[in-house]
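Asks: Just dropping this structure here.
Please treat every number below as a calculation from the coordinates, not as lab data. Remember, it's a predicted structure, so these values are computed and weren't measured experimentally. Neighbour counts run over all protein chains shown; Cβ positions are idealised from the backbone, glycine included.
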């Protein structure tokens, strides 16, 4: 009796797909994947239909993208919706760990422990991606599962469409609410990079109506993101994320808030980690005064803005709106209105 070949598990097939798409500089067509990549090749040899194989490939692509693997689709520039001869690739610069990154045995132990407390059902996409990258280094990551895992953060609703447009090199349209504007404005953007900065997701790209590169906060996108048939040169994505981060860092250097914080409070715990501490005063650099004002107002009496005046005014305005909402007939007895330098 002949030896029955071992069955290729879905996890092994996904790993083989990652390796294949990273190894090919030009990318692979769907047919090349189905005929040569381990898992698909065996399924074809077993008699699986072409339609079933293609559905398997589409599911695998979506699973990998959900887990944070950047699969780029290079289609026909003349007809981007025609994906019959499209090529798929994973840029090494966007997936692999930096070459100069190493781990000590103690650090590996901590990473193994971190992986051990997540279940397959509740493991976050970022954590799964990190574990896969560690495996790519040839390091053993033990995954006995305990099954308790809180989600640390959620992506904005605009994220999936922007990620797809970035990977496929498509122009997007969306309405954007900029602070101070009375209504949202329609933007047409080539999304060059998606990145997280100070806990918030941003998209960096070319505003085609202005002809300039701009950074947009995803939480200010109103409504649905429309992924158009119009394409942009994928080469423009190279280095875009680094440029965006450098620009935001430069903006942050120009703005500094001076904030007095009450000791042993949540505000003290959070703000002291991000700024320079001088007694009960924290000096904090920031990019967006409106976002910082939202945060500071949420701390209530735990903080007092010393400068700049514009930031203090924004915090006061938010506190007064809350007061008006809850006490429309006037200030309740014993609750003074915040004014001027007395603002939280």
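Asks: Please give, to one decimal in nm, the separation of the simple spin-label points placed at residue 256 and residue 233, each 7 Å out from Cα toward the Cβ.
Replies: Spacing of the two 7 Å Cα→Cβ label points: 4.1 nm.
Asks: I'd like the FRET efficiency for residue 317 and residue 269, computed as 1/(1 + (r/R0)^6) with the beta carbon distance as r and R0 of 22 Å, rounded to 0.05. Don't skip to the answer; put the middle values down first.
Replies: Numbers: r = 26 Å, r/R0 = 1.16.
Once the sixth-power term is evaluated, E becomes 0.30.
Asks: Right, another one. Across every pair of different alpha-carbon atoms, what Kirkwood hydrodynamic radius in Å does region 171-285 reach?
Replies: 16.3
Asks: Along its principal axes, what span do the Cα atoms of region 187-246 show, with the longest given first and each in whole Å?
Replies: Taking the Cα atoms of region 187-246, the three principal extents are 32, 28, 18 Å.
Asks: State the dimensionless ratio Rg/Rh of region 10-95 (Rg: radius of gyration of Cα atoms; Rh: Kirkwood radius).
Replies: Here Rg/Rh amounts to 0.95.
Asks: Between residue 159 and residue 278, what is 0.36 nm times their sequence separation minus the Cα-Cα distance? Round to one decimal in nm.
Replies: Separation in residues times 0.36 nm, less the Cα-Cα distance, equals 39.0 nm.
Asks: Under a crude label model (7 Å from the Cα following the beta-carbon direction), how far is residue 32 from residue 200 in nanometres?
Replies: That separation, rounded to one decimal, is 4.2 nm.
Asks: Okay, next question. Project the alpha carbons of region 265-332 onto their principal axes and report the range along each, largest first, in whole Å.
Replies: Computed over region 265-332, the largest-to-smallest principal extents equal 41, 23, 16 Å.
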